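Let me begin by presenting the structure, written as structure tokens, before commenting on it.
The values are calculated or read from the model by the stated rules, or taken from the named source; none is laboratory data. No experiment lies behind these values; they were computed from the predicted model shown. Virtual Cβ from ideal backbone geometry, glycine too; neighbours counted across all protein chains shown.
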Amino acid sequence: MVAVVRCVVAHHSGRRTVRAAAGMVAAERRRFGTGMSQNVYRARRHYRVALVDDEREAARLSVSTVTFRAITAAECEAYWESGEPLDKAGGYAIQGRAAVFISRLEGSFSGVMGLPLYETAELLGEFGVDVFGG
């Protein structure tokens with residue numbers, strides 16, 4: 001049996017958090033609303049994906065940087081009121097409404113969503129798992 005283990009470390013404009021909690025999201029909401037029309041917001045996420053079985057462990061690191069355009073206080077409030085950011089680790093969903101705010105992505109789209117699939121597939125292959133079932 002092979003187990004997949006994932007750890008997320010998020011850096012939000014210089015602050016480091018591990019799977020941001022609702023309190024951090026609320027703090028980001030306040031910050032978004034006070035300065036986003038002048039500033040660019042960046043989020044960097046480091047994902048460590050590991051596979052473990054009875055005999056070995058192997059890991060890969062995926063680093064992604066998401067850059068947001070300037071967001072007005074009204075846009076921030078509307079996004080918050082949509083409810084989408086409330087349960088998100090970084091306070092946004094790249095595959096959801098927040099996509100309209102993203103001006104640049106460096107790294108893995110699937111990683112930002114929660115599991116870097118390229119790195120995961122590489123590891124599965126090393127463990128003899130055919131990801132296409134062929």
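Residues are listed down the side, and each one gets a yes or a no for (1) loosely packed, with under 15 Cβ neighbours inside 10 Å; (2) in contact (Cβ under 8 Å) with a residue 24 or more places away in the chain; (3) touching a Gly at 6+ places or on another chain (Cβ under 9 Å):
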position: Ala93; (1), (2), (3): no, no, no
position: Val100; (1), (2), (3): yes, no, no
position: Gly107; (1), (2), (3): no, yes, no
position: Glu119; (1), (2), (3): no, yes, yes
position: Gly125; (1), (2), (3): yes, no, no
position: Asp130; (1), (2), (3): yes, no, no
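Taking strands (runs of 3 or more DSSP E) that fall entirely within segment 5-113, which contain at least 1 residues that are aromatic (Phe, Trp, Tyr) and at pLDDT 80 or above? Walk me through it before giving the result.
Working: elements: 15-17, 41-52, 57-68, 102-106.
Output list reads 41-52, 57-68.
Within the set of pairs 6 or more residues apart or between chains, which connect a residue that is surrounded by 14 or more Cβ atoms within 10 Å (Cβ to Cβ) inside segment 57-71 to a residue that is modelled with pLDDT under 85 and among the acidic types (Asp, Glu) with Cβ atoms less than 6 Å apart?
none
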